[in-house]
Structures are given as C-alpha cells and as structure tokens.
1. Limited to the stretch 64-101, what total is found for residues that are within 19 Å of residue 232 (Cα to Cα) and free of Cβ contacts under 8 Å to residues at least 40 places away in the same chain?
2. Would you be able to say whether some residue in the stretch 474-487 is exposed (fewer than 14 other Cβ atoms within 10 Å of the Cβ) and either in the same structural domain as residue 387 (by TED's automatic domain parsing) or under 35 Å from the mean Cα position of the chain (by Cα) (or both)?
3. Does residue 450 satisfy being under 28 Å from residue 558 (Cβ atoms) and at pLDDT below 95?
4. What is the one condition in (1) surrounded by fewer than 20 Cβ atoms within 10 Å (Cβ to Cβ); (2) touching a helix residue (DSSP H, G or I) at 6+ places or on another chain (Cβ under 6 Å) that residue 363 does not satisfy?
5. Name the residue that is nearest to residue 492 (Cα to Cα), counting only residues in the stretch 522-544 that are surrounded by fewer than 21 Cβ atoms within 10 Å (Cβ to Cβ) and either in contact with a helix residue (DSSP H, G or I) (Cβ under 7 Å, 6 or more places away or on another chain) or not assigned by TED's automatic domain parsing to the domain that holds residue 429 (or both).
6. What's the total number of residues in the stretch 447-488 that are over 21 Å from residue 418 (Cα atoms), in a strand (DSSP E or B) and out of contact with any helix residue (DSSP H, G or I) (no Cβ under 9 Å at 6 or more places or on another chain)?
7. Name every residue in the stretch 447-473 that is surrounded by 16 or more Cβ atoms within 10 Å (Cβ to Cβ) and either within 30 Å of residue 531 (Cβ to Cβ) or without any contact (Cβ under 8 Å) to a residue 24 or more places away in the chain (or both), in order of residue number.
8. Would you check if there is a residue in the stretch 54-65 being exposed (fewer than 10 other Cβ atoms within 10 Å of the Cβ) and at pLDDT 85 or above?
C-alpha cells in the first residue's frame, strides 16, 4: 500500500518533513490518505517528493501508433486531433454529397408530379393518354412527347426562391418522372395531397441549396463539425475525473528544494558551505560573537554572503575567470562545520581562487537580465562593465570574464543597473563615487579602464558597491580590520569622474587598522561579521551610528589582539531575536540581544564621539 511505502521512505530518510501517515480510506469517502507534517516542513516540497518517490504520481507509456492515409504513424496529441478533424471533414463531405444526391433525385420526381397535377389541363391530358395507351411503354412515350410539345412547367406562385431558381428553365417530363406518374396512387390527386407535395418540394429545395453551400465552403464545414461535437458533448459528456498537469519529467530539481535564504561561506583555503540564515542569531553591537566555521589554524572565512537556495551563483576568480553553480548544489552544513573544497563543485585550477560572487535569481528569464550589467574591479583600481546576458549561458569549464594585467588580481564583482552609481574604496581609507555610465560596456575579454588611483604598492582596492543617491534609506558602511565601522550618507561622497583619488571615507589609525570592507546598507538589515579566528557576529545595522566621512567610527565587534575582520555581509533584519544557540555551544560564547556588557557598550560610544578632521 501507498502508506507503507511512504513509511518506509520516511524511515530511510528519503522523505523528510513527515511526522505521521494515516490511511482513512473507506467505501463511502473513497481513497483518503492523511500526511501530517512536521512544524518546519514545507508542504509543496513534501508533495513534490511524494510525487517523485511514490506511486502517488505514475506515468504510463503509450505506443501511440495509428493509421494516417493508410500508413502507420506515431502521433502526438496534436497529430491525433488534426487526423480526427480531417476524418470528420471527410465524413461531412461524403455525407453531404450523398444527401444532396438523394434530395435532387426526390425533387426531380416531385417536379414531375407538380408539372402534371397542379394544372388541370395537364392532369386531364395525362389521364387521357394513360387510358388510351395499350402498354405502359406507349403511355411513357406519349406523355413525354405531350409534355415537351405543350411546354409543361412548374406553375408560378406556389414555390420558394430556391425552387424557382433551380427549376424555372425546366420544360417537359423526363422518363423517370413519367414512370413515377404512372405509379402514382389516385389518392395523391386530392387537394390535401397536392399541398403536401408542394411543401415537401419547397423543403427539398432549401436542403439542396444548403448542401451546395456547405460543399462549397470549408468554413461552413468546420462550423458544422464544431456544432456536432458540442451536441455530442452535451448529450454524452461527463465531468473530467482526472487533472491535466505537467509531465513528471518536467519537474525541476528546485521544485524539490525549499526556497529559503542561506548564508554561504568560502574560506581562505577554498572550503565552501551553505547554512540556514536562522542559525545566525542577532546580537548587540560590540559583542564577542559566536563560534562560526571550524577551520584549520591557517584558514579563515574569506567570503560570506546571503542568497536564496534557488539562485544562480557566478564565481569570479583572481585570474578573471567566471564559473556557475546553483545555490542548492552547495553542500549544506552547520555553522561550525568546515564545508567542502570548492574544486569538488567547479572546475577551478589549483593556481586560481574565488575572489567575488554574484547571486542572480534567474539567468533563463531574458527580460529579467535585460539592461543589467556586471561590474568587475581589480586590486589596482581597474574597472570593467559587461552585459549580464554575456554570462547567462553557464559552461562547466567556465569563461574568461576580464583580462588581468600582470601583478594585478580581480577583487570584486557587482550587479549594476542604468542610473546607478559606483563607489570604490582603497585600503588607505579613501573612496570614489562616479556614475555607472562613465564606464563603457565591453566584451568579456576586455581589460577595463581606471576606476580609482591607489597611493603606492602597499595600497589596494578593498571593495566596490553600487548605490542610488535618490534612495535616502541606504547609507555607506565602512569597516576596518580591527572591527571599527560607521555609516555615512551617500551624499557626503561628492560625484567625480572615474580614475581620481577620491575622498577620505574613514580616519585610518593604528587603533582602527586598515580599511577592509565597504557596503551599502539600510536600517532594516543586519550584518554578519566573520573574523579570521572563526568567530561570527550578527548585529543590526540600526545599532551602528551615522557619522561623518572623516571619523573612525564605533567598534562593531570586540576582537582579540591578534584577531582581524575576515568577511562581512548583510542580510534581512531578524525579527525574532530570541534564537536558540546551536546544540553544544556554551551560552557564554555570545552576548544576548539585550546583553549586559555595558562596559563594552559605553567604551564604544566613547569611540563613536571621537571625530578626527580629514
């Protein structure tokens, strides 16, 4: 039974999210199987798994061979419908020709009757000839001669237009008409019978005209076929008991995967994993964070970002290559797990490594990717813009995204739309803002143009963002390697041409360390900060104070003296701040959302008020 199969799959861990299965089928209600789901299960995902792994959905193969014009042919549904319509068309034509022939034969006989009995002189002459003839053949011959000689024709005023049109030129009697007259019973000569003959003749004339029009017009024949089919449906039709749906083969793998936001991390040594965003609970600014990924001593989280399980990921490497992967193809792991080597998922050479990742909801929707561009920048300040459509056809071997100059490396990749602005920041604490259209769109193999000028060999670009100055809800967030950060309004960064030095974005000191990150954020978002030691902190953007460009900001996370910021990413604001720590983690590891470490908070506020002029 189906319930036993479902139970077995649940025990084998093939089906997840099912708590209990109960068979409530009976003679009165019919088949009824109740599947109780676990609290966190997604109903549609469970249904899709049931369709795939059980007989809840079954496909039947059909060898759909039929005769077409006398030859066997494999047909699809459309072919069958076309053949049936052609068959019905042939039936209508042959039936109409048959009915027309019969109607014309009968009308010919009635015409002879009417020429003879509707005129008293003709009737008297016919009776006289019949009585005086010795044989039937003699009577036939004399009647034909008499009708032609005397111009016997249909009388006027008794017939419709069709009768007059078809028979007004008809003179005399034919041999078949004379034979019918000889066989005519005397009772048909009464007045009532004569009226019936006239009525039948007029009806036949209308039928003949209709059938001739039908045979002359294909549109009329199609209308007749449709009318007849609707009559059959009305008489014999019944409600459909089955449901027409997509074929099982058309079920995509993402239909079996819950759509949710996940946090994706890539370590310095190239280990990648995805973790449910719910595992990262929010803490207050200045907290110590929670234990994140378990990495080797020389490894740390280098990239951290949020995407949906159904998104496409574009990986851009130091050497300027691009690779593709679906988010659900990334192995799922707990927050503390190491992950899997990225070389197991994409064909990444050993001398190359991932430097930037872009998440795109759908690469197959041409309208969705139209007028969107990918902007790439390098550590030496080179910037390049290419149409997103150029990256919409994934290849397992990857493609070249940008030509990198010797001694340079790809650093960042962003999606940009027309009318947006681009900001680039360097390690020494400067940032530049210029319009997106200052960078001309080029092909994948191009080198790019200058975006920002770096100070010296020790300076380099640390990040790039795309902003919209008309959106006043978003700010520019900058973070230093020692955990200091601040929010600043976009308008404080004046618009310039690309290639300049830019303006100061943070006051870099020995206490703050060099600039390591720049993001565009809103107060309705959270930040996930990861340190090289593996510690991870989730904090609200709203808790970070706005400050001028030339300040050093506030402390976002308390770091050990030897620790530094490794990666920072933004995520939608967490509504429920009372999240439960992962199993086995000590509660002293983090500070709660309403934390009690007031000393740290007070110290941070003191730092926030330190504003050093540019």
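1. Of the residues in that region, 10 qualify.
2. Step one: filter the stretch 474-487 for residues exposed (fewer than 14 other Cβ atoms within 10 Å of the Cβ), giving none.
No - not one qualifying residue is present in the stretch 474-487.
3. Numbers: under 28 Å from residue 558 (Cβ atoms): no; at pLDDT below 95: yes.
Here the answer is no, as residue 450 does not meet what is asked.
4. (2)
5. 522
6. Taking the stretch 447-488 first, the residues over 21 Å from residue 418 (Cα atoms) are 447, 453-462, 477-488.
Among the residues that remain, those that are also in a strand (DSSP E or B) are: 461-462, 477-480, 484-488.
Then drop every residue that is not out of contact with any helix residue (DSSP H, G or I) (no Cβ under 9 Å at 6 or more places or on another chain), which leaves 461-462, 478-480, 485, 488.
Total meeting the criteria: 7.
7. Within the stretch 447-473, 451, 452, 454, 459, 460, 461, 462, 463, 464, 465, 466, 467 qualify.
8. Within the stretch 54-65, the subset exposed (fewer than 10 other Cβ atoms within 10 Å of the Cβ) is 58-63.
Still in the running and at pLDDT 85 or above: 63.
Checking the stretch 54-65: at least one residue is exposed (fewer than 10 other Cβ atoms within 10 Å of the Cβ) and at pLDDT 85 or above.
The values are calculated or read from the model by the stated rules, or taken from the named source; none is laboratory data. Just so we're clear, the structure is a prediction, and the values are computed from it rather than from any experiment. Note that we place each Cβ from the backbone using ideal geometry, even for glycine, and neighbour counts take in every protein chain shown.
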